[in-house]
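Supplied in structure tokens, the structure appears directly below.
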Amino acid sequence: MNPVGQPLQQRALSKRLIISGMIGLILFIMFQIAPSVLNSPAGEDTTIISKTEARDKAISFAEQKLNYTKEPTDQWNVLYETDSSFYGYMSREKLLEDYTKKKLDQRYPFDIFRVTLSPSAEQEPLISVDLNMYTGAVVAFTQGAEGSGAGLPSTVSTSAKEEDKGTALSLAQKENLARPWLQEWDVNPAKLQIESNMGNYGLVYTDRSVQIGESLLHYYFDFAGEQVSSFKAGFSAPAWHTSYVKDQTSLAEKLTLFGYGLPTLALGILALIYSILRREHTSFKRGIFLSSAYFVIMMISTYNMLPESSGEGLEAQITSVIMFIIYALYSLLMSSLLYFSLVGGDGLWKKEEGMNPWPRAKEPGYGKYVLDSIRAGYIWAFVLLGVQTLMFIVLSFTLQNWSTTDATQSPYNMRYAWLLPIVAWLAGLSEEAIYRFFGIPMLKKVFRSTFIACLITTLVWAFGHTLYPIYPISSRPIELTVIGLLFSYIFLRYGFIAVMFSHVVFDSILMGATLIFMKESVNVGAGIFAIIMPFIVAYIVYRFNPPQKSEPKPVEPTSIS
């Protein structure tokens, strides 16, 4: 970090740091990348089918088995769904390898593509077909109203709903209706036992010969009139596990609100105040470009994560407009928070510390400073990946932490999965500006300690990540407190540009690896590009600010004739 008024010069990278970065990268590849590659079943194609292929297979099944007649106006939507509860249970109890070895993941997958037919946004899906994401095999279906009675008009009487669910059918009639579907799935009904407690389902079979941990294999049926309205087969997590996750999620929501949301709002208000109080030492022009770019990227990311419309009715259009306005306002709020953090932080550092952690583009040596910062960013990102890997190992032995799947955060549910890495730029820019660039000097004024300021801002940042599906919830703040303190260290030694790049590279490698594992050529290319893009951006800045342009021209002596 350079003092105000001094020539820009980035701290040199020591051999020890470079070696540490290489070790960190090796640890990351060994323990986070290699297991995913080596654990792939030998000889099996683990390529995900396309959504178009999933849609075609679902329509074909509906036509052949569900008496569906294709209409030109019908709209079929494809979403990735996952049984995060059961997957989490297997992850927690170390049962995933056993599940795969028994090939249960092929017949009873926890990750599926759900293809639904909805005539309009105002109606429940008429048909829903679940397919194995890898093989394309149909594993479940629903036709008509949901088994729980969803979609039935409120004017229908309770008795009519029960009759429509098939409760008026005798047990023998239900078995007769279910038998052809069991045979379709190559299941011998003689091996199954009927459950006495069927919950919300019309008929539940149990196969006690197949068990994963405490979970038994079940076959679930619902009925409408005198036909099967839904069928699915699989396992479910024990009640104690479901209750545990519910309690942990409630805790995460409280930590996010009180540990992250409210303190971040307070920092935003303080950033606005100190932007005004320190206006003589900064400029309100600073941060306009970055906050505007942040707003654009955030809107693109938001659009990319919104589900595709399930209909073209008036209600659907109104809902889309309202959602767009809400997300636009939220993006504007976050962009404003970023802007005032940049302006206020710049004024605080120059007035209180006499330091220049975020140089202007017009300052001499800026281009080379940015290029040196991206070098530091990559090396430190490798270090951080290694530290994170070690933290995962330590926490797995101490807290027995585990993770599960989450369809809401999956790139499979994005409109364009290859856009996933732009989130890395959102995180790297906003989080480093708010919690390091502004947060550290702000809290240092209050507590008179750089370390305490770094620790508090790091904890606030860490609590903002507790809703990720990693358990126990306490493991996530512990991991990110270590990572966040390292980000603070990088910022204090190398400045804002270097720490921003290190954060962006760190996230880009993780997100790029996710895209590469998706295996589609466009995603693999996007994943590789995401990893090198920070360097490209820094090099472009360097080319527009070359050393000869930044250095003042020597004054030639004037000759006297």
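Tell me, what is the percent relative contact order of the chain, built from C-alpha pairs under 8 Å that lie six or more residues apart?
Values: 837 pairs, mean separation 106.4, N = 561.
So the answer I get is 19 percent.
Moving on to the next point. Starting from the Cα of Lys191, draw a straight line to each of the lysines and keep only those under 23 Å, dropping any in the same chain fewer than 8 residues away.
Qualifying lysines at Cα under 23 Å: Lys101, Lys102, Lys103, Lys174, Lys232.
I want to check the label-to-label distance for Ile322 and Asp247. Put each point 7 Å from Cα in the C-beta direction and report it in nm to one decimal.
With each label placed 7 Å out from Cα toward Cβ, I get 3.7 nm.
Taking the mean number of other Cβ atoms within 10 Å as a proxy for protection, how do you rank 536-547, 368-379 from highest to lowest? Before the final figure, lay out each step's value.
On the way: 536-547: 14.7, 368-379: 22.2.
Packing proxy ranking, top to bottom: 368-379, 536-547.
Still on this structure, please answer the following. What are the membrane-span-like helices in the chain by this rule: whole DSSP H runs, Cα extent along the axis at least 27 Å, mean Kyte-Doolittle hydropathy at least 0.0? Mind dumping the intermediate values first?
Details: long enough: 314-348 (50 Å, 1.41); 366-398 (46 Å, 1.18); 475-494 (29 Å, 0.96); 496-518 (33 Å, 1.95); 521-544 (32 Å, 1.72).
Within the chain the helices that satisfy the rule are 314-348, 366-398, 475-494, 496-518, 521-544.
Moving to a separate point now. When Rg is the radius of gyration of the Cα atoms in the chain and Rh is its Kirkwood radius, what does Rg/Rh come to? Intermediate results must be reported in sequence, preceding the final value.
Details: Rg = 28.3 Å, Rh = 26.9 Å.
Radius of gyration relative to Kirkwood radius: 1.05.
Which far-off residues, 5 or more places away or on another chain, put their amide H under 5 Å from the one on Ser229, with H placed in the peptide plane?
Amide H to amide H, under 5 Å and 5 or more residues apart or across chains, Ser229 pairs with Asp222, Phe223, Ala224.
Report the equivalent ellipsoid semi-axes for region 188-345 in whole Å, largest first, defined as the square roots of five times the eigenvalues of the gyration tensor built from alpha carbon atoms. Don't jump to the answer; show the numbers that get you there.
On the way: eigenvalues 557, 104, 30 Å².
Output for region 188-345: semi-axes of 53, 23, 12 Å.
Could you list, in their original order, any pairs among Lys57/Lys519; Lys15/Lys368; Lys15/Lys254; Lys254/Lys445 whose Cα atoms are separated by more than 32 Å?
Numbers: Lys57/Lys519 21 Å; Lys15/Lys368 20 Å; Lys15/Lys254 44 Å; Lys254/Lys445 28 Å.
Over 32 Å Cα-Cα: Lys15/Lys254.
Residue by residue, what Karplus-based ³J(HN,Hα) values in Hz, rounded to whole numbers, does region 350-355 have, using 6.51, -1.76 and 1.60 with θ = phi - 60° and x for Gly and Pro?
Per residue, the Karplus-derived 3J(HN,Hα) values read 6, 7, 7, 10, x, 10 Hz.
Mind sorting Leu306, Leu467, Leu515 by how few other Cβ atoms lie within 10 Å of their own Cβ, fewest first? Show your work: numbers first, answer last.
Numbers: Leu306 15, Leu467 18, Leu515 25.
Ranked by crowding around the Cβ, least crowded first: Leu306, Leu467, Leu515.
Values quoted throughout were computed directly from the atomic coordinates according to the rules given, and no laboratory measurement underlies them. Model, not experiment: these values are computed from the prediction. FYI the Cβ positions are ideal-geometry reconstructions off the backbone, even for glycines, and counts take in every protein chain you see.
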